[in-house]
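These notes concern the structure reproduced below.
Taken together, the values in this text are just the output of simple stated rules run on the coordinates, not laboratory data. All values derive from a computational prediction rather than experimental measurement. Glycine also receives a Cβ, built like all others from the backbone with ideal geometry; neighbour counts cover every protein chain displayed.
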Amino acid sequence: MARIPARRYTGTVKIALGQINPTVGDFAGNAAKIVDFSRRALAAGAALILFPELSICGYPPRDLVERESFVRHNRETAERIAAETRGISVICGLVTPAQAETGKSVMNSAALLQDGKIAFVQSKILLPTYDVFDEMRNFAPAQSQSLFALQGKQLALTICEDAWNDKTFWDRRLYAFDPVEALVKAGGEILLNISSSPFWMGKRELRRDMLAAIARRHKIPVAIVNQVGGNDSLVFDGSSIVLNASGKIVAQAKSFAEDLIFFDADQLTGDLHGQIAGDEASLYEALVLGTRDYVRKCGFKQVIVGLSGGIDSALTAAIAADAMGPENVIGVGMPSPYSSRGSIDDARDLARNLGIRFELLCITDVFESFKKTLRAEFANRQEDVTEENIQSRIRGTLLMAFSNKFGALVLSTGNKSELAVGYCTLYGDMAGGLAAISDVPKTMVYRLAHYVNSRRPVIPQSSIDKPPSAELRPDQKDTDSLPPYEVLDPILEDYIEESQSAEQIAARHKFDIALVKRVIRLVERSEYKRQQAATGLKISTKAFGYGRRFPIAAKSDV
């Protein structure tokens, strides 16, 4: 990262926010980032630098905290960082042993490193257990909290969720206790928050508004440093900010990139770095960052995308090219007897526009061989979804063969609308290591495709214009099996993300109740598929995966 020029400040306390991208379990790599950013902050005259929640071990560590060696490495790494960052106070997140005799054995903590040692530890009180969060499974809550002093100022240190319980902002609070309120009553003059707050559309605005409400209510400045990068299905946007007592942003870090910013705790002035604006631009950057980090942190250097000539695979390939570089993307076209000439041409044109490698493997002979093998058993039976799925599974097998031979990760290309209603094939088009757009509804896929082409026209217009089709039988269209996506997606959003009933959805959109119930039944019947799907990148308030936990063997109440 390029060195950020230091500003001249007239105040006495200059604080830095080190917005870094840690990897879970990479103690040496994470420590190197913390030491590097700390030394840069010291050179720029900062007295204190903050790093994100669990920045030493990476977030979320999940059940790794049950390993004694993992917990020990946290402490040892913190001590090593302290020894290498003398001259500046450092706050970073780590796992520490719990002191209670009962309950969980570890806590989610923040350590203040000063003069070569751990000078102060504050642990998280509010442990979220909703959506993708399951911290009560892993951590014990802190029983108390304290202020700490820095150059005459009393600083209130909190960890992520501890700041998400302001009674004047939320209509319904999740916790009875408000750590921020308690610390301010104890004399806290500046609220500091270290976070690993995942991205979803609208999250940055919600986070900013919530923190502004805290600043105005308590009449104190608020500073939050947030993790950036992708860890498994979660993408963290960074977007660290500092607000004055009026709730105005006075310092701001970039979105979706590592950054180092400074602010003056007396004058309340600071660095204002630009953030990516707009839903499509932000969402696309999140998908690119999440894909890049998932692939690289899992040890891969290349990715493979099956190119059908359709819009989903085109968007996935564009994300892959931006995430990994075109030279590290392999596009594979696999036409069947039902693939149109136009789809083959669109796949080839897309690969050429993106500058990625393209291979064409016709599956007709393989498909005929499958049918020949099954002919006796399937005698006197009409071709149906069985033969459609065979084609999809042939393609999945070929993609995985490429993966094995070239050591590249397969990106599956299904969108959220398809995954929701089961319009996908297990061990076929669902095959892969990462489902890059599995939380992107089909209507948003089109919006993102237009956004991609607004920067540089790479997705063929015919891929955008033609009716969606799996091309697994003659003249097949998605609307043969599903409502138009302009109808389907609002139903899915209300049911999956808002937990609304069929009656509420039908009334809200003036849809036929029978149609809404049919869609809901498709969602419920497809749970077994989703629980076998590749990891997907979360960009909505409720994504499929471990943030949405439903039984498979259950009777629907629709």
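Working value for region 484-558: equivalent-ellipsoid semi-axes of 22, 15, 11 Å, each the square root of 5 times a Cα gyration tensor eigenvalue, largest first. Relative to the longest principal axis of the Cα atoms of the chain, the long axis of helix 68-84 lies at roughly 50 degrees.
Centre-to-centre separation between the Cα atoms of region 284-309 and those of region 383-426: 17 Å.
Throw me the Rg/Rh for region 278-353, computed over C-alpha atoms with Kirkwood Rh, two decimals.
1.02
Across region 425-434, coupling constants 3J(HN,Hα) worked out from phi with the 6.51/-1.76/1.60 Karplus curve, θ = phi - 60°, read 10, 4, 6, x, 6, 7, 5, x, x, 8 Hz, and Gly and Pro carry x.
Relative contact order of region 14-275, taken over Cα pairs closer than 8 Å and 6 or more residues apart, is 18 percent. Could you please report the charge total around ALA543, scoring K, R as +1 and D, E as -1 over all other residues with beta-carbon less than 11 angstrom from its beta-carbon? Neighbour charge sum, excluding ALA543 itself: +2. A Förster radius of 45 Å combined with the Cβ-Cβ distance from VAL385 to GLU181 puts the calculated FRET efficiency at roughly 0.20. Three principal axis extents of the chain based on alpha-carbon atoms, in descending order, are 85, 50, 45 Å.
Against the longest alpha carbon principal axis of the chain, how many degrees, from 0 to 90 and to the nearest 10, is the axis of helix 279-297 turned? Between the helix axis and the principal axis of the chain, the angle is about 90 degrees. In terms of packing, defined here as the mean over residues of other Cβ atoms within 10 angstrom, the peptides 430-441, 344-355 line up highest first as 430-441, 344-355. Sorting 217-223, 258-264 by average packing, meaning the other beta carbons within 10 Å per residue, from highest down gives 258-264, 217-223. Each Cα pair under 8 Å and six or more residues apart adds its separation to the average, and for region 455-518 the resulting relative contact order is 15 percent.
For region 282-536, the square roots a ≥ b ≥ c of the C-alpha gyration tensor eigenvalues yield an a/c of 1.5 or more together with a/b not exceeding b/c, which makes the shape oblate.
Output the peptides 51-62, 502-513, 276-287 sorted from most to least packed, where packing is the average of other Cβ atoms within 10 Å over each peptide's residues. Show your work: numbers first, answer last.
Values: 51-62: 25.7, 502-513: 14.8, 276-287: 18.3.
Ranking the peptides 51-62, 502-513, 276-287 by packing returns 51-62, 276-287, 502-513.
Near the amide H of PHE236, within less than 5 Å, lie the amide hydrogens of PHE199, GLY229, GLY230, ASN231, all on another chain or at least 5 residues away, with H placed in the peptide plane.
Nearest 10 degrees is fine. How inclined is helix 442-455 to the longest principal axis of the chain, computing both from alpha carbons? Once rounded, one gets 70 degrees.
Relative contact order of region 282-536: 21 percent, from C-alpha pairs under 8 Å at least 6 residues apart in sequence. Couplings 3J(HN,Hα) of region 160-170, computed from phi: 6, 4, 4, 9, 9, 9, 6, 6, 8, 9, 8 Hz, in residue order, whole Hz [Karplus 6.51 cos²θ - 1.76 cosθ + 1.60, θ = phi - 60°; x for Gly and Pro].
All other residues whose Cβ lies under 14 angstrom from that of TYR485 are scored, Lys and Arg at +1 and Asp and Glu at -1, for a net of -2.
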